[in-house]
1. Just to verify a number: FRET efficiency for Ala317 and Thr120, C-beta to C-beta distance, R0 = 30 Å, to 0.05?
2. If packing is taken as the average number of other Cβ atoms within 10 Å across a peptide's residues, how do 326-339, 282-295 rank, most packed first?
3. Nearest 0.05, what FRET efficiency do Arg231 and Asn293 give at R0 = 25 Å with Cβ-Cβ as r?
4. At what distance in angstrom do the alpha carbon centres of the range 166-202 and the range 264-312 lie from each other?
5. On full extension of the chain, what length is gained from Arg92 through Thr332, given 0.36 nm per residue of separation minus the C-alpha to C-alpha distance?
6. Want the number for Ser202 to Ile106: 0.36 nm per residue separation, take away the alpha-carbon distance, what's left?
7. Which order do the peptides 134-146, 251-263, 165-177 take when ranked by the mean count of other beta-carbon atoms within 10 Å per residue, highest first?
8. Can you list the residues of the range 315-342 with backbone N under 12 Å from a point 7 Å past the Cα of Phe251, pointing along Cα to Cβ?
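Here, each number is a calculation from the coordinates, and none is a lab measurement. The shown structure was predicted, so the numbers you read here are calculated from the model rather than taken from an experiment. Using ideal geometry, Cβ is built from the backbone for each residue, glycine included, and neighbour counts are taken over all protein chains shown.
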Amino acid sequence: MAAHPEASIVTLKNYYGHPRADLLTDRTEDIGAAMLAFLARMDQLHTAKPVRLPAQEGELDGISYRIQGAGAPLVLLPLGLAASQWEPLLPRLSAQYCTLTLGGAILGSVASLEARGRSTGYLGVVRNLVTEIHLQPGETILDVGCGSGVLDRWLARQTGGAHRIVAVDIHRTLLREAAALATKEGLAGHIEFREGNAEALSFPDRSFDVTMSATVMELLDADRMLREMVRVTRPGGRVGVVVRAVDMQSFVNVPVRAELKMKIGALPNGVAGAKGCADGSLYQRFCNAGLQNVQMLPQLATYAGARAHAADERIEAALSPAELAEWHTAVTQAEAEGTFFIALPFHCAVGTKG
């Protein structure tokens, strides 16, 4: 902050800002007032020529855009995994500014989800889960918390379109991006994207042969979500889940002291909400839900290159200045040798509904 004197910090008291928090819907007035006050201050410090552009939506070089209002231009980048994105504030902002809301597959959370879903390590974890599910031709599949749909597209390609895949997510913006990406890849006829809440799925009992989810259960009511997944699965069908593992060690392939490597390896892989599941309790939850023949699959997903650097952000935040200097030196050396990677842990389970 010292390097950015024009910046402002706004603290939302008594608010848990988990990655999927819909903060502009939850705290519209607080954030709106703070943002307009900040923009008014910026208007006094910097003169921006007002513009009036036709209200329109489109895409340019993989970046989607939406233009509204008139006034000084205001560019709004994707807002994490918030379901409503900028929608709650757009009427207020576009009344004073020419707002350009950006999105698309190469920005923000969509770009991150796409990169992770294509990485060899993470895809390997999902592939092992699907192998244990033992898909049969013609079976219907429900993906709960599909995000950008990257895994659904992979599954449709892997199976040659042999399955009807229904993918649900509470994030409307992600669903729009997911549908657009499926259309671009010629897979729209194999995947149906629907808005839905993992804790209250809008499907009748026994609707699907296979119900699966990857890295969603950490931040929701895990038991409630699992009950819903079991409910909509047909008898004899399978339920498969992947969660991050905060109770397993990571592995970093860098030449640092053993003590520092142990400290880094012990850092949790993500977080879990108060009722979420990000540990080995996943296996007991499967048994408690009445699932049979539960297959338990703790795994490591190996990341190299850009994905490894994305993963090491959590590492850098936990190190002292001296440790950080040692880490940077070691990473530079490992990269020069071509041996730098980070392996993050996951718990996976597959069970059969009786």
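1. With R0 = 30 Å, the Cβ-Cβ based efficiency is 0.70.
2. Packing proxy ranking, top to bottom: 282-295, 326-339.
3. With R0 = 25 Å, the Cβ-Cβ based efficiency is 0.85.
4. 24
5. The span from Arg92 to Thr332 would gain 81.7 nm if fully extended.
6. Separation in residues times 0.36 nm, less the Cα-Cα distance, equals 31.5 nm.
7. Working: 134-146: 18.8, 251-263: 15.6, 165-177: 22.0.
Taking the mean over residues of other Cβ atoms within 10 Å, the ranking is 165-177, 134-146, 251-263.
8. Flagged as within label range: 341-342.
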